[in-house]
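> Can you read through this structure? Questions will come right after.
The values are calculated or read from the model by the stated rules, or taken from the named source; none is laboratory data. Predicted model, so just to flag it, every value in this text is computed and none were measured. Positions of Cβ are backbone-derived with ideal geometry, glycine not excepted, and every protein chain shown enters the neighbour counts.
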Amino acid sequence: MPLSAVMRSCIENGVLSKLPINPSKPIQGRFADQDCEYHQFKGHSSDNCLKLRHDIQDLIDSEKITKPPEHNEPAPGNH
């Protein structure tokens, strides 16, 4: 499940909030065209956001959410 989908679910369930907007923070990195919904600024995508990844892991560790199941699809021809 993409990190952005986990974030949206956590926000809908009230266990996570988007970070406050910081208009003084400059756009950083080579991904200035990508938006981070969590930080509410450009510079990286939500799916590549390290802060979001750590905050979601903290929610899992504190048992506020459960870890999404990993879908291990069998390789073609290995049924």
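> Search the stretch 8-19 for residues that are of a type in the set (D, E, K, R) and pair each with any residue that is in a loop (DSSP other than H, G, I, E, B) when their beta-carbon atoms are under 6 Å apart and the residues are at least 6 apart or on different chains.
Once the first residue is of a type in the set (D, E, K, R) and sits in the stretch 8-19, its partners that are in a loop (DSSP other than H, G, I, E, B) give Lys18/Tyr38; Lys18/Gln40.
> Any chance the stretch 4-26 includes a residue that's in contact with a strand residue (DSSP E or B) (Cβ under 8 Å, 6 or more places away or on another chain), at pLDDT 85 or above and not in a loop (DSSP other than H, G, I, E, B)?
no
> Consider Arg53 against the criteria (1) surrounded by 14 or more Cβ atoms within 10 Å (Cβ to Cβ); (2) of a type in the set (Lys, Arg); (3) more than 8 Å from the chain's Cα centre (by Cα): it satisfies all of them except one. Which criterion is unmet?
Only one criterion in (1) surrounded by 14 or more Cβ atoms within 10 Å (Cβ to Cβ); (2) of a type in the set (Lys, Arg); (3) more than 8 Å from the chain's Cα centre (by Cα) is unmet by Arg53, namely (3).
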